[in-house]
């Protein structure tokens, strides 16, 4: 968390802070609009499936037009939100890059940092792009959970299973399922953070030597062969780990489909619920489950972002150390000069 704070906060307090704050709030408001469409579609779900169950053709066609209107407005709103988000990430990246270039170009010591050019060009681009999307989606997920739990209770307040309100059974099931899923996902995927970090480091080393060969440096073919062996070995570790994670993630997603139906089946077959009501509750449950499991479903992106953040923090820490060393050397020089010529240095 400290790494993220160190990377994120300067943009909101720097020279571009007005844009960072105003457009950041705008982006959050647009994301709330996207979340609101989830509510509209859930309400439409019940009316549509009830029309199918009751074979009311006029109601079916009317709800089809309602869906078309909702879908068009959703697509337009989503496209606008993504465009604003992409522009925001780009401007953030340019601001961070210009600041990084400021001390990188003015200090030869910064050039010696492993992969410093890659960290400025690629890592800043990837970090701002991934973080903007990840933060907005997480914000939407939290907002959706807060708004849709009361909605789920409203939809199920008259429904019971083993004398327990169906809402609490559904919520309990999704919470237990999500916690178990996160625990297993972390066990499987956490090693990917170190592997991704090593991937970026090895690729930077390889690119560094290629550039210097182009500039006239003599490098033996055996060195490149060893680099490629290291890169291959690291990627194989990543792919093997991702293989197990993909198996787990897909199994997790598939089995979650049955949970709401199993809990609602007795009420539906007893005639207490209509098909529309069943599908409406299922849709609400699925949105809550998807929101709670957002991090699990996007764990590979999270590990990539954590690895990039680690590299960027190392870069900025090195920059701070260089700045501190330069300041100390300047103070020592002034002190020595003042000792020799006290009237010159004040």
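The values are calculated or read from the model by the stated rules, or taken from the named source; none is laboratory data. Only a predicted model underlies this, so the values are computations on that prediction, with no experimental measurement involved. Note: ideal-geometry Cβ built from the backbone for every residue, glycine included; neighbour counts use all protein chains shown.
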Checking residue 49 against (1) surrounded by fewer than 17 Cβ atoms within 10 Å (Cβ to Cβ); (2) modelled with pLDDT of 85 or more, the condition it does not meet: (1)
Sole residue being at pLDDT 85 or above and surrounded by fewer than 19 Cβ atoms within 10 Å (Cβ to Cβ), chosen from 170, 161, 152, 166: 161
Residue match in region 275-296 (condition: at pLDDT 80 or above, within 36 Å of the chain's Cα centre (by Cα) and not in a helix (DSSP H, G or I)): yes
Failed item, numbered, when residue 193 is tested on (1) at pLDDT 85 or above; (2) closer than 30 Å to residue 224 by Cβ: (1)
Criterion violated by residue 54 - all others in (1) at pLDDT 90 or above; (2) exposed (fewer than 14 other Cβ atoms within 10 Å of the Cβ) satisfied: (1)
Test: residue in region 87-100 that is more than 21 Å from the chain's Cα centre (by Cα) and either farther than 25 Å from residue 199 by Cβ or at pLDDT below 75 (or both): yes
Any chance residue 254 is in contact with a helix residue (DSSP H, G or I) (Cβ under 8 Å, 6 or more places away or on another chain), modelled with pLDDT of 80 or more and assigned to a helix (DSSP H, G or I): no
